[in-house]
Amino acid sequence: MNPFEYVRTADAAEAVRLGQGSTTAYLGGGTNLVDLMRETIARPDNLIDVTSLSAAIQETESGGLMIGSAVRNTALAEHDMVRSRYPVLSRAILAGASAQIRNMATVGGNLLQRTRCTYFYDTDGSSCNKRMPGSGCDAIEGFNRIHAIFGASSACVATHPSDMCVALTALDATVHLQSTDGVRTLPFAELHRLPGDHPEFDTALKPGELITAVELPALPSEVRSSYRKVRDRASYAFALVSVAALLEMEDGHIKDVRIALGGVAHKPWRASKAEAVLLGSPLTEKILQDAASAELSDAKPLRDNGFKIELVNRTLVAVLGDLTGATA
């Protein structure tokens, strides 16, 4: 681990003032950043501890929730309003890690965690454009069972690891940001990037910009939501495929639907093609299958991960069927 200076900040304004420069990193729970530092993948000269930022979960005037970036994952998953109004989020968090990690990890840190691609972590000889731009991507021709089937590029086929972020994408959350230029908000779906030619950039954050909160919109009481994660083992493991879905029915037709997929792309993948097929349609098993097929029409599997196509199909149909009581 490289030597670094550690500073604990009192508020967001001080954090962003101290957080300027490419060699600075913000520290929340440290459940991912510390690992990256141990592996010398992350080498910050200055570590800014931001755990003193807001750890509050408050109802907004519009009936949504404002979640401070320093809220611990366990506290968020167990919060009464989250469990009752946004069960998809609570279930995603509880599926995401061990209890010990959830007790430490913060909301802001969860949003910024990096891929678990084996080649990204192998600093002894593997080529990885995300870790070392321009070096190549060994995963494309290597062991790529866990890698992307959507939105990948010739520079990177890694997947985003967060379960929470999949739920927040489906919820149409908003990210609140602060920098020395002031404050701004960003739709959650625009926070994370597809790899393109620059997979080293995971998000749309500006240098030194800090996540201060995540806002959830109010939902109609009729909306039902759920999260399902498919993984290699029941104990702590990252998703091969996951589905977060929200559904509202009216007179036997689908009035509103929001779907996001995990484990399939460089960012949480909004299933917009499936949503378009479902919206306004009567609920039938055929419509559910058509929606899954439409979303999978752009899938581009690698040598080892073609099974994800059928896994997405079955998981998506099953989650939607469970939310509506349909047999699928």
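The values are calculated or read from the model by the stated rules, or taken from the named source; none is laboratory data. Quantities reported herein were computed from a predicted structural model and do not represent experimental measurements. For neighbour counting, all protein chains shown are included, and Cβ atoms are generated from backbone atoms with ideal geometry for every residue, glycine included. Each accessible area value is taken on the protein alone, full model and side chains, heavy atoms only, with ligands, DNA and RNA left out. Shrake-Rupley method; radii C 1.70, N 1.55, O 1.52, S 1.80 Å.
Of the residues 254, 259, which is among the β-branched types (Val, Ile, Thr), outside any loop (DSSP other than H, G, I, E, B), closer than 16 Å to residue 150 by Cα and open to solvent by less than 30 Å² (accessible area, probe 1.4 Å)? 259 is the lone residue from the list that is among the β-branched types (Val, Ile, Thr), outside any loop (DSSP other than H, G, I, E, B), closer than 16 Å to residue 150 by Cα and open to solvent by less than 30 Å² (accessible area, probe 1.4 Å).
The residues of region 273-290 that are under 13 Å from residue 317 (Cα atoms) and either in contact with a strand residue (DSSP E or B) (Cβ under 7 Å, 6 or more places away or on another chain) or surrounded by fewer than 14 Cβ atoms within 10 Å (Cβ to Cβ) (or both), listed by number, are 274, 275, 278, 283, 284, 285, 286. Of the residues screened, residue 93 is not one that is more than 27 Å from residue 243 (Cα to Cα) and surrounded by 21 or more Cβ atoms within 10 Å (Cβ to Cβ). Over 24 Å from residue 67 (Cα atoms), without any contact (Cβ under 8 Å) to a residue 60 or more places away in the chain and of a type in the set (Ser, Thr, Tyr), is that true of residue 284? For residue 284, the condition - over 24 Å from residue 67 (Cα atoms), without any contact (Cβ under 8 Å) to a residue 60 or more places away in the chain and of a type in the set (Ser, Thr, Tyr) - is met.
Give region 305-328 a look and list any residue that's within 23 Å of the chain's Cα centre (by Cα) and not in a helix (DSSP H, G or I), or say none. Listed by number, the residues that qualify are 305, 306.
Here 125, 134 are screened, and the one residue that is at pLDDT below 95 and more than 19 Å from the chain's Cα centre (by Cα) is 125. Applying the criterion of at least 1 residues that are open to solvent by less than 30 Å² (accessible area, probe 1.4 Å) and closer than 19 Å to residue 59 by Cβ to the strands (runs of 3 or more DSSP E) found wholly in region 158-227 leaves 174-179, 210-216.
Within region 103-116, residues that are among the polar types (S, T, N, Q) have Cβ atoms under 6 Å from residues that are part of a helix (DSSP H, G or I) and open to solvent by less than 10 Å² (accessible area, probe 1.4 Å) in these pairs: 110/164, counting only partners at least 6 apart in sequence or on another chain. Figure legend. Inter-residue proximity from region 1-20: first residues more than 14 Å from residue 182 (Cα to Cα), second residues of a type in the set (Lys, Arg) and open to solvent by 50 Å² or more (accessible area, probe 1.4 Å), beta-carbon distance below 9 Å, spacing 6+ or different chains. Indicated pairs: 1/38; 1/43; 2/43; 4/43; 9/17.
So, in region 98-114, exactly how many residues are surrounded by 24 or more Cβ atoms within 10 Å (Cβ to Cβ) and either touching a strand residue (DSSP E or B) at 6+ places or on another chain (Cβ under 9 Å) or at pLDDT below 95 (or both)? Number satisfying all stated conditions: 5. Scanning region 199-234 for residues that are over 14 Å from residue 87 (Cβ atoms) and free of Cβ contacts under 8 Å to residues at least 24 places away in the same chain yields 201, 204, 231, 232, 233, 234. Scoring residue 81 on the criteria (1) without any contact (Cβ under 8 Å) to a residue 40 or more places away in the chain; (2) under 29 Å from residue 322 (Cα atoms); (3) touching a helix residue (DSSP H, G or I) at 6+ places or on another chain (Cβ under 9 Å) leaves a single failure, condition (3).
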